[in-house]
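Structure below; questions to follow.
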Amino acid sequence: MTLIDMLKLDLIVGGGGILSHAPRRVQSMLMMVDACEPLGVTRLSVDSIFMMPHLGVLSTIDEKAATDVFVRDCMVYLGTCIAPIGQGKDGERCVDYIITFPDGRVEKGSLAFGDLRLIPLAADQKASIVIQPAKQVNLGAGAGVAVTREVQGGVVGLLLDGRGRPLQLPTDHNLRVAALMKWHSAVGLYPSE
């Protein structure tokens, strides 16, 4: 039993020094995805200057001022994570997707189990995505049932997470390191330059 139904969350806000001060926003996003394991389609943001605790105190005096400061000066939208629920063998088809961008451009693709894919989508942009999961995969509407959603971009973009839920790392040390390196490379977590 869990206290929170992760499928019902449409926004996760991260706070704390580690997330606020990570050298790259994609690092904050991946830490949140790995720690919270969002399910289905979830938008992620971070308190960029670690002000939530202080604004919580201010909200007891002036709720509107605290909200305005938080939304205007603190909240950085990282993007949207699409995380299918289910497991499969690495390389097997997890989902097929069709993304329609604001400029009318259409991108079609397939995401395999074990893959992460980062698609640029700016903070001020929304796109429409149709996701057809494999028969054992659920995006919140039931196993194998297609989902159509509007997704919001962010400073990182749209993250397609085919690593499965619950997230399971390989138990073998060499395989675990290889998987982590593959995922880090896929999203540019640690640039080579």
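The values are calculated or read from the model by the stated rules, or taken from the named source; none is laboratory data. Here the structure is a predicted model, which means the values were calculated and not measured. Methodologically, a virtual Cβ is constructed for each residue, glycine included, from the backbone with ideal geometry; neighbour enumeration extends over all protein chains shown. With ligands, DNA and RNA removed, areas are computed over all heavy atoms of the protein, side chains included. Shrake-Rupley method; radii C 1.70, N 1.55, O 1.52, S 1.80 Å.
Using unit Cβ charges (K, R positive; D, E negative) and no other charged atoms, how large, in debye to the nearest 20, is the dipole of the chain about its Cα centre?
In debye, rounded to 20, the chain gives about 440.
Here's something else I'd like to know. From the phi angles alone, apply the Karplus equation (6.51, -1.76, 1.60; θ = phi - 60°) to the range 167-173 and give each ³J(HN,Hα) in whole Hz, x where the residue is Gly or Pro.
Using θ = phi - 60°, the values come out as 5, 10, 7, x, 7, 6, 4 Hz.
Oh, and also: Loop-only chymotrypsin sites (Phe, Trp or Tyr not before Pro) in the range 9-112, please: DSSP not H, G, I, E or B, and at most 16 other Cβ atoms within 10 Å.
Values: sites: 50, 70, 77, 97; in loops: 50.
Taking the range 9-112 and a limit of 16 other Cβ atoms within 10 Å, the loop chymotrypsin sites (Phe, Trp or Tyr not before Pro) found are 50.
What list of ³J(HN,Hα) values in whole Hz, one per residue of the range 180-186 in order, does the Karplus curve 6.51 cos²θ - 1.76 cosθ + 1.60 (θ = phi - 60°) give from phi, with Gly and Pro shown as x?
Values, residue by residue: 4, 4, 4, 5, 4, 5, 4 Hz.
Would you give the gap between the C-alpha center of the range 1-56 and the C-alpha center of the range 151-193, rounded to a whole Å?
Cα centroid of the range 1-56 versus Cα centroid of the range 151-193: 16 Å apart.
Can you list the residues, at least 5 places off or on another chain, whose amide H is less than 5 Å from the amide H of residue 75, using H built in the peptide plane?
When sequence neighbours closer than 5 places are left aside, the close amide H contacts are 48.
Please name whichever of 192, 69, 143 sits farthest to the positive end of the charge dipole of the chain, dipole taken about the Cα centre and charges placed at Cβ: Lys and Arg +1, Asp and Glu -1.
Going by the Cα projections, it comes out as 143.
Roughly how many percent of the accessible protein surface of the chain is carbon and sulfur, given a 1.4 Å probe and a whole-percent answer?
On the chain, the fraction of accessible area on carbon and sulfur atoms equals 58 percent.
Find, among the trypsin sites (Lys or Arg not before Pro) in the range 108-193, those assigned to loop by DSSP (not H, G, I, E, B) with at most 15 other beta-carbon atoms within 10 angstrom.
Those satisfying the criteria are 135.
Can you compute 3J(HN,Hα) from phi for each residue in the range 5-16, using the Karplus curve 6.51 cos²θ - 1.76 cosθ + 1.60 with θ = phi - 60°, rounded to whole Hz and x for Gly and Pro?
Using θ = phi - 60°, the values come out as 8, 4, 6, 8, 7, 10, 8, 10, 10, x, x, x Hz.
Run lengths n ≥ 4 of DSSP H only: what is the helix-derived mean residue ellipticity at 222 nm for the chain, with -39500 (n - 2.57) per run over all residues, to the nearest 500?
Helix-only estimate at 222 nm: -7000 deg cm²/dmol.
For residue 5 and residue 173, FRET efficiency with R0 = 35 Å and r from the beta-carbon atoms, rounded to 0.05? Let's see the in-between values first.
Values: r = 34 Å, r/R0 = 0.98.
It comes to 0.50.
Also, I was wondering about something else. Can you tell which of 51, 120, 98 lies farthest toward the positive end of the dipole of the chain, using +1 and -1 charges on the Cβ of basic and acidic side chains (Lys, Arg; Asp, Glu)?
Value: 98.
As I understand it, the value is the acute angle between the Cα axis of helix 25-36 and the longest principal axis of the Cα atoms of the chain; what does it come to in degrees, rounded to 10?
Approximately 70 degrees, to the nearest 10.
Show the residues, 5+ positions off or on another chain, whose built amide H is closer than 5 Å to the amide H of residue 81.
42, 43, 44, 159
Let me know the shape class of the range 76-193, please: from the alpha-carbon gyration tensor, a ≥ b ≥ c as square roots of the eigenvalues, rounded when a/c is under 1.5, otherwise prolate if a/b is greater than b/c, or oblate. If you can, show how the numbers build up before the last one.
Values: a/c = 2.17, a/b = 1.19, b/c = 1.82.
In terms of gyration-tensor shape, oblate.
State, as an integer percentage, the relative contact order of the chain based on alpha-carbon contacts under 8 Å between residues 6 or more apart.
Normalised by residue count, the contact order of the chain is 21 percent.
Still on this structure, I have one more. Could you do me a favour and compute the accessible area per residue for the chain, 1.4 Å probe, result in Å²?
Per-residue accessible area for the chain comes out at 54 Å².
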